[in-house]
Amino acid sequence: MMNFAPEPFKIKMVEHMGNLNKEERQKAIKVAGYNTFLVKSEECFIDLLTDSGTNAMSDQQWAGLMLGDEAYGGSRNFYHLEETVRELFGFKYVVPTHQGRGAENILSSLTIKPGDYVPGNMYFTTTRFHQERNGATFRDVVIDEAHDPKIELPFKGNVDLKKFQALIDEVGADKIPYICLAVTVNLAGGQPVSMENIKAVSKLAHNYGIKVMFDATRCVENAYFIKMREKGYENKTIKEIVHEMFSYGDGCTMSGKKDCLTNIGGFLCMNDEDLYVQACGMVVQFEGMPSYGGMAGRDMEAMSIGLREAVDFDYISYRVNQVRYLGEKLDAMGVPMVKPYGGHAIFVDARAFLDHLDQEKDFPAQALAAAVYEFSGVRTMERGIISAGRDPNTGEEHVPKLETIRLTIPRRVYTYAHMDYVAEAVGQLYKRRHDICGLKWVYEP
């Protein structure tokens, strides 16, 4: 059996890739304030900024766009999406949103009151923002090993049940509206959560009347890791594993821009009818009617098709193994990374890469992201002290233990040859890493 199977698709259409020379890239990153988010797309050669909305859709999805029912109310595409989500996820109610943060806004606004606490297996930027905006305090209850890039565990995204119990004992269950269970955990390096841990979290939460709300953004990737790593699931289909995962929860937020294989869209799911009725009222205020929620009918159709394509084993196996391919290439060159490799990205350990820079003074991850772009035209993303933001009460920096850049692989976009180029570029830069200087704030909106 081959170590890496080829892409399970044929290329039907191509898109030109920009390729500026080094002097042009130096100018572009300077104009962008050394912020890779502000570099223009056309100025990037290989764009690994994010896997959110950067997917290549299939011929079936493109055909689905022509079936868009753009009715203001009761679009048939919504009912197709609703049917698909119910079948795969098992939740009773589906509220469409323009993307995942729209679902986070509705969930947080309806369930959180000032003084509450929301535990989760590591923060995510927009998720924590919506929780804090509505008066809650986020509490990280992921296992300690998730914060150490060198430790290799099969399920590094697991919740530490003792931390969860300690929070319940400290503040009381009535102060915890739900636990946010991310599958997979993005900022830990795309690390999965085991089915055993999901069951245990569900049991503990429900014993105290606390809801379990999944961040389902990369749930298909999580299901793949369960199939490959957890005893008893090796003969289960991805679809069966996804359905079982969510059977232990009360709802989820979903960004359709990842595992739904689309470029826009999301949804909020729940089993609670009262919460659903409130969510339908709120989606009208901030998103659109409950039968489109900020999406065009054609996008809902593409999402329905994409969800079914995503649970195909050949697809998700290729997807995760392409990430592993890049990781193994970088590992052979000695580049320090978060291990084990996750499902959507390689996270380079910027603190170890740039060990001559201070995390709080020099922003090594942001400096490294800028340097990678300037050196190669590969755009990556900072995931460190800048992404972590500041305490809303004190204004002090959150200082995460993980200071990384994320090399995020869009779905069905790049080939293994592109990964070879990325690995060679980062590996060559690693050899001259001490030439990279730190950054300082000049302007912050």
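The values are calculated or read from the model by the stated rules, or taken from the named source; none is laboratory data. None of the values given here were measured: they were computed from a predicted structure. Heads up, the Cβs are rebuilt from the backbone with ideal geometry, glycines too, and the neighbour counts pull from every protein chain shown. Accessible surface areas use protein heavy atoms only, side chains included; no ligands, DNA or RNA. Shrake-Rupley method; radii C 1.70, N 1.55, O 1.52, S 1.80 Å.
For the reader, a short list of remarks on this structure follows.
- Restricting attention to the stretch 66-209, the count of lysine pairs at 8 or more positions apart or across chains with alpha carbons under 28 Å apart stands at 23.
- Computed over the stretch 228-361, Kirkwood Rh from alpha-carbon pairs, angstrom: 18.2
- Split the accessible area of the stretch 1-157 by element, probe 1.4 Å, and carbon with sulfur accounts for 55%.
- Radius of gyration over Kirkwood radius for the stretch 1-138, both on Cα atoms: the Rg/Rh ratio is 1.05.
- All-pairs alpha carbon distance profile, the stretch 69-192, 5 Å steps from 0, percent: 2, 10, 16, 17, 17, 16, 11, 6, 3, 2, 0
- Summed over qualifying helices (DSSP H, 4 residues or more, each -39500 (n - 2.57)) and divided by its residue number, the chain shows a 222 nm mean residue ellipticity of -12500 deg cm²/dmol.
- Dipole of the chain, positive end: most advanced residue of V39, G294, C269 [Cβ charges, Cα centre]: V39
- Protein accessible area in the stretch 203-324, 1.4 Å probe - carbon and sulfur %: 49
- For the stretch 140-176 versus the stretch 269-287, the inter-centroid distance based on Cα atoms is 29 Å.
- Solvent-accessible area of the stretch 365-445 (1.4 angstrom probe, protein heavy atoms only): carbon and sulfur portion equals 52 percent.
- Accessible surface, per residue, of the chain when the full set of protein chains is kept, probe 1.4 Å, Å²: 43
- Pairs of C-alpha atoms in the stretch 1-67 farther apart than 13 Å represent 76 percent of all such pairs.
- H16 versus S247: modelled label distance in nm, points set 7 Å from Cα along the beta carbon direction: 5.3
- With the convex hull constructed from alpha-carbon coordinates only, the stretch 146-215 shows a mean projected area of 4.7 nm² over all directions.
- The residues neighbouring L65, those whose beta-carbon lies less than 10 Å from its own, together hold a net charge of -1 under the Lys/Arg +1, Asp/Glu -1 convention.
- When each of the peptides 295-307, 121-133, 80-92 is scored by how many other beta carbons lie within 10 Å of its residues on average, the order from highest to lowest is 295-307, 121-133, 80-92.
- V277/S109 FRET efficiency (R0 22 Å; Cβ-Cβ; nearest 0.05): 0.95
- Report note on the peptides 385-397, 100-112, 22-34, 41-53: ranked by the mean count of other C-beta atoms within 10 Å, highest first, their order is 100-112, 41-53, 22-34, 385-397.
- Size descriptors for the stretch 344-418, from the alpha-carbon set: Rg then Dmax equal 13.8, 47 Å.
- For a paramagnetic label modelled on D314 (point 7 Å from Cα along Cα→Cβ), amide N atoms under 18 Å away belong, within the stretch 215-240, to 237-239.
- Distance distribution note for the chain: the fraction of Cα pairs above 31 angstrom is 40%.
- Cα gyration tensor shape for the stretch 190-304, rounded if a/c is under 1.5, else prolate or oblate: oblate
- Debye equation applied to the C-alpha atoms of the stretch 230-288, log10 I(q)/I(0) at 0.25, 0.28, 0.31 Å⁻¹: -1.10, -1.15, -1.19
- Modelled spin labels at T126 and E234, positioned 7 Å past Cα toward Cβ, are 3.9 nm from each other.
- Listed by chain and number, the lysines whose C-alpha is less than 25 Å from the C-alpha of K440, apart from same-chain residues fewer than 8 away, are K22, K27, K30, K40, K361, K401, K431.
- Rounded to 5, the percent of DSSP beta bridges in the chain classed as antiparallel: 60
- Protection-proxy order for peptides 208-218, 434-444, 246-256, each taking the mean of Cβ atoms within 10 Å per residue, highest first: 246-256, 208-218, 434-444
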